[in-house]
Amino acid sequence: MQKGMRLNDGHVTYLGLLAKKDGARKGYLSKRSSDNTKWHTKWFALLQNMLFYFETDSSSRPSGLYLLEGCVCDRAPSPKPSLSAKDSLEKQHYFTVNFNHENQKTLELRTEDAKDCDEWVAAIAHASYRNLATEHEALMQKYLHLLQIVETEKTVAKQLRQQIEDGEIEIERLKAEIASLLKDHERIQAGQTSAPSDDDSDIKKIKKVQSFLRGWLCRRKWKTIIQDYIRSPHADSMRKRNQVVFSMLEAEAEYVQQLHILVNNFLRPLRMAASSKKPPITHDDVSSIFLNSETIMFLHQIFYQGLKARISSWPTLVLADLFDILLPMLNIYQEFVRNHQYSLQILAHCKQNRDFDKLLKHYEAKPDCEERTLETFLTYPMFQIPRYILTLHELLAHTPHEHVERNSLDYAKSKLEELSRIMHDEVSETENIRKNLAIERMIIEGCEILLDTSQTFVRQGSLIQVPMSEKGKITRGRLGSLSLKKEGERQCFLFSKHLIICTRGSGGKLHLTKNGVISLIDCTLVEEQESTDEDAKTSGQDIDHLDFKIVVEPKDSSSFTVILVASSRQEKAAWTSDISQCVDNIRCNGLMMNAFEENSKVTVPQMIKSDASLYCDDVDIRFSKTMNSCKVLQIRYASVERLLERLTDLRFLSIDFLNTFLHSYRVFTTALVVLDKLITIYKKPISAIPARSLELLFANSQNNKLLYGEPPKSPRANRKFSSPPPLSITKSSSPSRRRKLSLNIPIITGGKALDLAALSCSSNVSPIAVFTPSSSPSCLNSEVVLVFFSPPDFSLFSYNNGVVMPSCRELDSTRSALSAASAFAIATAGGSLAVSGFPTDQRNGDKEFVIRRAATNRVLNVLRHWVSKHSQDFESNEELKFRVISFLEEVIHDPELLTQERKAAANIIRTLTQEDPGDNQITLEEVVQMAEGVKAEPFENHSALEIAEQLTLLDHLVFKKIPYEEFFGQGWMKLEKNERTPYIMKNTKHFNDVSNLIASEILRNEEINARVSAIEKWVAVADICRCLHNYNAVLEITSSLNRSAIFRLKKTWLKVSKQTKALIDKLQKLVSSEGSNSPPAAAAVGVCGALCDPPCVPYLGMYLTDLAFIEEGTPNYTEDGLVNFSKMRMISHIIREIRQFQQTSYKIEHQPKVTQYLLDQSFVMDEETLYEASLRIEPKLPS
């Protein structure tokens, strides 16, 4: 593209006069000054690709000149006017001219007439020159194939020519013999004949004609045979088979290159570093991290060389023997797979050494690595076997059943699938470690807690942090301000033990904020804050009920409060639900553990250790070797009954198990069965604890030692995880009581909630509380009477000695109720801390009482998550909704229910019965309805920014409509896909419609400059979509540009600027899953961003490919009929990531004119019409 040209004053004056006289467009426009403060009215004239401006229309000399070649002209939105200037600004219409030249400022213009503005935009867009290039790779494949066919035809033709030549030689020999015989015959009959005959010459002519006809018929027959074969299904299948092999060769070459980088850029340099005088890493750690990576590289180098040798013997491709060589070597892969999790753990441990971390970053900065990390290279071998399986699937699909390789390829596929089943579990178990390490790398200051391999990633997203005033009050009045939303935006990452709050820096890096690493063990979550009328007025409606508070009370520093604001109620519900679940988990696990050391190594308590069903395989359950966040082995396979038992086990509940179960229970059971199990546990809570654990729980202890050993000596353990003193409970009968007392006990000390986790476990503590429920016949007037005795060394009660008699109705604070973990901790401590003077049956009654409390909390907790995160289950099943509401109403009317439990049940009912206010975003149906029956404005009337924003809005509206049930069972690949997965198919159709729209918009321009302008504008749209995290639109645009109808336009592509071509390459590399040879999960990270902050529109095909890997490699049930829960866990991880992007909406204002254009299919051409238009614009060159 021409960046500039030399003009003297005479040229400029002459061209300016020519533009005034013969210019394509002339008129007055307002031009923004260079300091962006004023607008100056100038007279503009457009001549070809030059835009002149004069002081007035009578000026003879132009004031300036703009070269429009390569520019982008778009309509611009009007700036927000002040109240005084609102009327005047509404009459103005703005448009901008963006130049591709470096350091050239954008030209901003405006006019008072909309039609005049549109005509100027169209004229300038017409004056800028842009073009397209050819679909090199696709045509190259066709070219190679056609080249081979031509070579085959040449070989056949050569053979035919040789045969013809041999025939001609034989004919000449026979002719010579005949001629000699004829001469002899003539000599014999010379005297008998009087005159010579003319028959000999005629015979010779006839023979020549016959010979020519025989050759022509032979050639015609061979040509017909070859053409028939080329058009036959067998030839088409062989062509596709060859394409699979060619693709396999390219992928194998790239994989060998990646293994070469792993060995030469990391393994061998680290071995040398381990042999230095001050080694940053030991040889054992190097061996543990890389294991047999070098052997795998040598194996695939041999496999690649063999594959190249097979390609050289094309068209005869025999591959089965190569896989026969590869199969015996799969034990090497099994060792690598089984070591993978340990490898990443060792790597995370070594990174705590600053010297090693610095050295590793130096290695990763090498150009060969292309900004990829070591753990990325270590993950590539994990996905090579599934890639071979897919390749063999495609090969077998195009290999005839009678083919000599059919049985060998089938055998190779079965062996690879056996190994793939093992690898799926290992990949799932290490995915969390890889994700934590990736996030840790993004944080500039580093974050050591993410190097703890027991941390489980839960969710991430953008929230607004509300600043606190100097007096500790919330500056709620600033919540509605735009400055706060920009300054207070935080990137939040929730893990099973910590919440990390960061700010986004340049280059996508993160900076930890002050108090940015929050330990959930010290947190109290307040979902609904109390605010005065004045605060409500100042905060505005835009943040009403969107904020929540986290009160942090660390042991070694002063307490502080973090207030976060979500973008919608749905997002707030998701955050608060996950945070509360993590807090409950960590407190429950801590209270159940004997010790909790600083390095997060926790010993399993005797109650869990004594239960062999939690770690020993049985006929109805199989365990993985990996532990969950509760330090209990994860379930690999289990029966439905065992899964329901784990869901209702009161001793622990992993958030990962709960999310996986609620996502996938429809595969192996029904919602009513799950609800019946929860109701049973509520009514019979003792059944939720195994018999052996109950024996330990109710065992009589003759001493004051803890049930699980000596009291913990760690001050941290004493503070957070020690069991509180026992409660002596006296019950009185009530005629209306249907079941025993079962609720959280609010304990009040001086108006402040008592934190049971902060009580000491000392064995010399005297009983401190007596519970006496009222014997009133009215179940609603029951009261709790707590009598406190303050021992001399128990300073916690120093400010409230005596008797406190509150009503349980008055204890409304969210921090006054015990959690299920705290309640159950009382039960587990009651028997062991018994003091002489309290009968055994009374102590056992305490435990039974608190077990009921834990059961009630567990049931309400599961129902809360079920209703808040899976509301579609109840919307589509009225019977389920009715039964849940009936059950909760029964719970609410229970006379033994505490205030907080009754309030929790009422909140669940309210969520079920009330309509969700949503996020006030326009729906897809409304957008489509507004676009119907309205003629859309042309492409030139919309700016690239407007198109990108509205395309992002449309893509997200289509994407968020997909229910997660459609991701199970590969319904999108079945024959009845439109019935099984209608929303996934709508998403696919929308993708294809937009791609066809882009191609049609480019090809409907007859002039080459208009096509160039359209291409560059769509590329600009794709780049803006990338900034908006709309990777689906980026792929829509890049795939459209790669279509054969557009890729072949060589003349058009020659005029496209280098900057545009470089940007296209950058975008294609971003969205290409083949370019990096990355596994589907890793590709999804790069394309849609597991590390990308919502809102985001990922490319759904990446997730569907990942799900296809999982579905192909693992069945839903084992041969014994057990549920493959490991598979459900992998699918749940993908669905959770998809739903996170679905729940976070874009704050983009709907513009009907632009969406009408994007949804208009009136001028969109199909594939055949597109190619015909392409041939009409640029005909094929004669061969």
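Some points to look at:
- Selection within the range 931-955 - open to solvent by 60 Å² or more (accessible area, probe 1.4 Å) and either of a type in the set (Gly, Ala, Ser) or under 20 Å from Phe991 (Cα atoms) (or both): Glu932, Gly933, Leu945
- Of residues in the range 272-312 being crowded, with 16+ Cβ neighbours inside 10 Å and β-branched (Val, Ile, Thr), the one farthest from Cys350 (Cα to Cα): Ile296
- For the range 100-158, the candidate set comprises residues that are surrounded by 13 or more Cβ atoms within 10 Å (Cβ to Cβ) and β-branched (Val, Ile, Thr); within that set, the residue that is modelled with the lowest pLDDT is Thr134.
- Scanning the range 1-27 for residues that are loosely packed, with under 11 Cβ neighbours inside 10 Å and charged (D, E, K, R) gives Arg6, Asp9, Lys21.
- Enumeration of residues in the range 1044-1067 that are not charged (D, E, K, R) and not in a helix (DSSP H, G or I): Leu1049, Val1056, Ser1057
- For the range 1006-1062, residues that are at pLDDT 90 or above, touching a strand residue (DSSP E or B) at 6+ places or on another chain (Cβ under 8 Å) and within 26 Å of Gly1101 (Cβ to Cβ) total 6.
- Ile449 vs. criteria under 30 Å from Ser1145 (Cα atoms), open to solvent by 10 Å² or more (accessible area, probe 1.4 Å) and modelled with pLDDT of 75 or more: no
- When residues of the range 844-855 are limited to those that are farther than 25 Å from His663 by Cβ and at pLDDT 75 or above, the one surrounded by the most Cβ atoms within 10 Å (Cβ to Cβ): Arg853
- Any pair with Cβ under 6 angstrom, 6 or more apart, that starts in the range 32-58 at a residue that is over 17 Å from Glu112 (Cα atoms) and ends at one that is surrounded by 11 or more Cβ atoms within 10 Å (Cβ to Cβ) and among the hydroxyl-bearing types (Ser, Thr, Tyr): Leu51/Tyr66; Tyr53/Ser63; Phe54/Ser63; Glu55/Ser63
- The listed residue being at pLDDT 85 or above, in contact with a Lys or Arg (Cβ under 6 Å, 6 or more places away or on another chain) and open to solvent by less than 30 Å² (accessible area, probe 1.4 Å), out of Ser59, Ser30: Ser30
- Test: residue in the range 598-612 that is open to solvent by 50 Å² or more (accessible area, probe 1.4 Å), modelled with pLDDT under 80 and under 27 Å from Gly461 (Cβ atoms): no
- Hey, Asn920 more than 21 Å from the chain's Cα centre (by Cα) and modelled with pLDDT of 85 or more or not: no
- Qualifying strands (runs of 3 or more DSSP E) (wholly inside the range 1-76; at least 1 residues being in contact with a helix residue (DSSP H, G or I) (Cβ under 6 Å, 6 or more places away or on another chain)): 25-32, 39-47, 50-54, 72-76
- Some residue of the range 319-334 being touching a residue at least 24 places away in the same chain (Cβ under 8 Å), open to solvent by less than 30 Å² (accessible area, probe 1.4 Å), small (Gly, Ala, Ser) and more than 26 Å from Phe246 (Cα to Cα): no
- Restricting attention to the range 237-271 and to residues that are of a type in the set (D, E, K, R) and open to solvent by 60 Å² or more (accessible area, probe 1.4 Å), the residue that is farthest from the chain's Cα centre (by Cα) turns out to be Arg271.
- Filtered by the rule that a residue be touching a Cys at 6+ places or on another chain (Cβ under 9 Å) and more than 19 Å from Ser293 (Cα to Cα), the range 308-367 gives Phe356, Asp357.
- Residue check, Asn1005 polar (S, T, N, Q) and within 30 Å of Phe99 (Cβ to Cβ): yes
- Top-ranked residue of the range 874-906 - restricted to ones that are more than 22 Å from Glu528 (Cα to Cα), without any contact (Cβ under 8 Å) to a residue 60 or more places away in the chain and of a type in the set (A, V, I, L, M, F, W, C), ranked as most open to solvent (accessible area, probe 1.4 Å): Phe882
- Of all residues in the range 1014-1025, none that is within 16 Å of Ser1000 (Cα to Cα) and among the polar types (S, T, N, Q) has its Cβ atom under 8 Å from the Cβ atom of a residue that is open to solvent by 10 Å² or more (accessible area, probe 1.4 Å) and modelled with pLDDT of 95 or more, 6 or more apart or on another chain.
- The set of residues from the range 621-641 being open to solvent by 20 Å² or more (accessible area, probe 1.4 Å), more than 25 Å from the chain's Cα centre (by Cα) and at pLDDT below 85 comprises Lys625, Lys631, Leu633.
- Spans of helices (runs of 4 or more DSSP H) in the range 254-348 with at least 2 residues modelled with pLDDT under 85: 293-312, 320-326
- Of all the criteria given as (1) open to solvent by 40 Å² or more (accessible area, probe 1.4 Å); (2) in contact with a Ser or Thr (Cβ under 7 Å, 6 or more places away or on another chain); (3) small (Gly, Ala, Ser), the one not satisfied by Ala1062 is (2).
The values are calculated or read from the model by the stated rules, or taken from the named source; none is laboratory data. All values derive from a computational prediction rather than experimental measurement. Cβ coordinates were reconstructed from backbone atoms using ideal geometry, including for glycine residues, and neighbour counts include every protein chain displayed. What goes into the accessible areas is simple: the full protein's heavy atoms, side chains included, and nothing from ligands, DNA or RNA. Shrake-Rupley method; radii C 1.70, N 1.55, O 1.52, S 1.80 Å.
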